[in-house]
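Reading through the structure tokens given below for one structure.
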Amino acid sequence: MTTTALESNSAAGTLRALIVDDHVLVSETLVAALAVDSGIAVDTAKDVDSAMGEIEKNGPYDVILLDYDVPGMNAMQGLRRLIEANEGRVALFSGVANWKTVECAIEMGASGFFPKTLPLKTLGHAIRFVADGEVYLPADFVRQMHKGEDGGFGLKPRELRVLAFLGQGMQNKEIGRELGLEEVIVKMDVKSICRKLGAQNRTQAVLSAQKHGLL
């Protein structure tokens, strides 16, 4: 259910944003904070299905901020659903997503990453940035992605992407669908990841990656 009326959206230049977060306090805080900005009208949804309903009822939003942990994400499938339904302009909004996950989200078509620690003044600017068709990433994430660090294990870019999906509990077939790869290729990548991380199986590989800050 929306928390703000849409009548005000008729004002020229008003942006419509949807916050998808199951923490009511977070949503209400952001709605109140952005309410002082007359150029942004905010609605909320508690999960992916509710967000789909808001899009169906109100049409595509200028920007959707999607919490990484809301019900319906289903190993990033929720992100894909909302990107398709909203015709883009969906950004991850989280306090826990690591940069590998963010990188995968960007490759899936996300319009960036908004940390929950983002200053409210910056949040408004970032929303406008995404509404203009750009991809927003905080400076520290940009630095990490440009470094392409693999923790010294020699993991290739695609192996890092596969590893990020392993960390989400996805099976080889699911990872293949996400990356557009044959399952046998994903299986080879998983084997290579395990070898490079000194792990005997995918579970140990994930634990090792977490220990060394790769996830």
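Quick note: the coordinates plus some simple rules give every number you see, no bench work behind them. Here the structure is a predicted model, which is why all the values come from computation and not from measurement. Here the Cβ is made from the backbone with ideal geometry for all residues, glycine too, and neighbour counts use every protein chain on show.
As a proxy for reagent exposure, 93, 129 were ordered by neighbouring Cβ count within 10 angstrom, fewest first; the result is 129, 93. Here the Kirkwood formula, the inverse mean of 1/r across different C-alpha pairs, assigns the chain a hydrodynamic radius of 18.1 Å. With helices as the sole contributors, the chain gives -15000 deg cm²/dmol at 222 nm; each DSSP H run of n ≥ 4 counts as -39500 (n - 2.57), and the sum is divided by every residue. Overall dimensions of the stretch 149-211, expressed as equivalent-ellipsoid semi-axes from the Cα gyration tensor (√(5λ), whole Å, largest first), are 17, 12, 10. Legend: ranking of residues 135, 20 from fewest to most surrounding C-beta atoms inside 10 Å; resulting order 135, 20.
Put in order of Cβ neighbour count within 10 Å, fewest first, the listed residues 27, 192, 111 become 192, 27, 111. The dipole here belongs to the stretch 149-211: it is taken about the Cα centre, uses +1 on the Cβ of Lys and Arg and -1 on the Cβ of Asp and Glu, and is about 180 debye.
For the peptides 153-160, 203-210, the ranking by packing is 203-210, 153-160, with the highest mean count of neighbouring Cβ atoms within 10 Å listed first.
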